[in-house]
Amino acid sequence: MSQPCNIAFYVHHHGSGHIMRTLAIAKALSNCMVTLLGSDLENYMHIIPSHYKVIHLPMDTPSSNDLYVGNNLPAGLHYAPLNIEGQRKRVNILTHLFSTVFPLLLVVDVSVEIAMLATLSGVPFIVVKQHGDRIDLPHIHAYSNAVGVLAPYPKTMSGNDIKWIIEKTFFAGGISRFEVREDAAEPREKQVAIVVGQGGTSINIPLIEHIANCCPDWCLQVLGEVKNPNNTYENICYHGKVSHPDGIMEKCCIVIGNAGHNTVMEVAALGKRFITIPEDRPFNEQVVKARVLHELGLARIISPQDLYITSWRGIFENMVTVKPVWKGIISNKATTLAAEYLKSIYNTVFKTSSVL
């Protein structure tokens, strides 16, 4: 009987996309020992399977105990602060894992610093590919040293990636927690879902109320946490954070949201018309992703600076006349394909040979 694969996932703490994607792929891994590494994983322990090993990493940002913080900008890296206790501790925890668990394949979602640490430790790693302008030196080092690159989207969404990175990348297809289904919403019911993300957004109460004023005959279904909604509008319904938002979203003919990966793939799974508001993110991640979707005819882009000068009624009325074709963007098989890719790389890196 073969030994279980040891696969560890480094999960970045910004937003919920990294952990949701990780859990979806990990669920498809059979005969594997799964370890999750990251900061702020405490908030997700209720959805993390109990048989996964979870290693909590301290944040690498300054605390009140850090008295000699340095504002260094290290060459070849994105973020490596001086004199941060949390930074020293997390590196110690990671290198202890690398020195005591073998064989081990690390999946980095995402951090060029963790990729570099794995490189220095002699640990094979796979980088999860994100959109954006990522041809700077730190990213090139990570992609070059990785034993593989995994894209949780199809090749048609590769955007502005350079040729050799595309050739090294395995495109698993879009991954979503929702089952892929046909859009069955009736435009005549005039329902719009507004998805408020967790990673920082321009979508707030003033904007929601502005849209409600511009489109009094449209009902706005707001999903996600917004601060102190004192709702006096008959055409706004605040649902808060819900476990299964697809039940609400599938009744809406249009979805408004940021260009975060989770939101995009959930819209794709439900086959919805999409208005995206790309936020300012490192390396123009959301701007690039929104541009790719627009070029594929899958989204209407509204920049944050144009939110209050946009004809929302006109956009709604125009969008309901055409249905987007999301086919090929997302697949119910994507997590299985991603898991099979990880295991194939693992078996290649740790293949055994007879010694005579």
Next item on the list: Report, ordered by the first and then the second residue, all pairs with beta carbons closer than 8 Å, sequence separation of six or more or different chains, a first member in the stretch 136-149 that is assigned by TED's automatic domain parsing to the domain that holds Ala339, and a second member that is crowded, with 21+ Cβ neighbours inside 10 Å and of a type in the set (Lys, Arg).
Entry: Val149/Lys129
Margin query: Restricting to the stretch 91-111, give me the number of residues that are part of a helix (DSSP H, G or I), exposed (fewer than 15 other Cβ atoms within 10 Å of the Cβ) and either among the hydroxyl-bearing types (Ser, Thr, Tyr) or touching a residue at least 60 places away in the same chain (Cβ under 8 Å) (or both).
Written below: 2
Item checked: Qualifying positions in the stretch 31-51 - free of Cβ contacts under 8 Å to residues at least 60 places away in the same chain and within 17 Å of Lys343 (Cα to Cα) -> Asn31, Met33, Val34, Leu36
Next item on the list: Among the residues of the stretch 7-37, write down those that are closer than 14 Å to Ile55 by Cα, among the hydroxyl-bearing types (Ser, Thr, Tyr) and assigned to a helix (DSSP H, G or I).
Entry: none
Note to self: Restricting to the stretch 214-252, count the residues that are assigned to a helix (DSSP H, G or I) and either surrounded by 16 or more Cβ atoms within 10 Å (Cβ to Cβ) or touching a helix residue (DSSP H, G or I) at 6+ places or on another chain (Cβ under 9 Å) (or both).
What the structure shows: 4
Next item on the list: Being more than 23 Å from the chain's Cα centre (by Cα) and either buried (at least 21 other Cβ atoms within 10 Å of the Cβ) or free of Cβ contacts under 8 Å to residues at least 12 places away in the same chain (or both) is the filter here, so list the residues in the stretch 1-29 that pass it.
Entry: Met1, Gln3
Notebook entry, point to check: Given the residues Ser202, Ser176, which is the only one that is hydroxyl-bearing (Ser, Thr, Tyr) and touching a Pro at 6+ places or on another chain (Cβ under 8 Å)?
Noted result: Ser202
Item checked: For Pro154: the one exception among (1) assigned by TED's automatic domain parsing to the domain that holds Val110; (2) in contact with a helix residue (DSSP H, G or I) (Cβ under 8 Å, 6 or more places away or on another chain) -> (2)
Next item on the list: List the number of the failed condition for Gly122; all other conditions in (1) in contact with a Lys or Arg (Cβ under 6 Å, 6 or more places away or on another chain); (2) on the phi > 0 side of the Ramachandran plot hold.
Entry: (1)
Margin query: For the stretch 247-296, give me the residue count where each residue is in contact with a Lys or Arg (Cβ under 8 Å, 6 or more places away or on another chain), closer than 25 Å to Trp218 by Cα and hydrophobic (A, V, I, L, M, F, W, C).
Written below: 11
Next item on the list: For Thr35, state whether it is touching a Lys or Arg at 6+ places or on another chain (Cβ under 6 Å), surrounded by 13 or more Cβ atoms within 10 Å (Cβ to Cβ) and assigned by TED's automatic domain parsing to the domain that holds Glu113.
Entry: yes
Next item on the list: Tell me, please, whether a residue that is under 23 Å from Asp183 (Cα atoms), surrounded by 16 or more Cβ atoms within 10 Å (Cβ to Cβ) and either in contact with a Pro (Cβ under 7 Å, 6 or more places away or on another chain) or of a type outside the set (D, E, K, R) (or both) can be found in the stretch 337-356.
Entry: no
Margin query: Given the criteria crowded, with 16+ Cβ neighbours inside 10 Å, closer than 30 Å to Asp136 by Cβ, hydroxyl-bearing (Ser, Thr, Tyr) and touching a residue at least 12 places away in the same chain (Cβ under 8 Å), does Ser63 qualify?
Written below: no
Notebook entry, point to check: Is it the case that the stretch 290-304 has a residue that's under 22 Å from Cys253 (Cα atoms) and touching a Cys at 6+ places or on another chain (Cβ under 8 Å)?
Noted result: no
Margin query: Go through the stretch 127-173 and report how many residues are surrounded by fewer than 21 Cβ atoms within 10 Å (Cβ to Cβ) and charged (D, E, K, R).
Written below: 6
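The values are calculated or read from the model by the stated rules, or taken from the named source; none is laboratory data. Small disclaimer: the values here were computed from a predicted structure and weren't measured. Please note: Cβ atoms are built from the backbone with ideal geometry, for glycine as well, and neighbour counts cover all protein chains shown.
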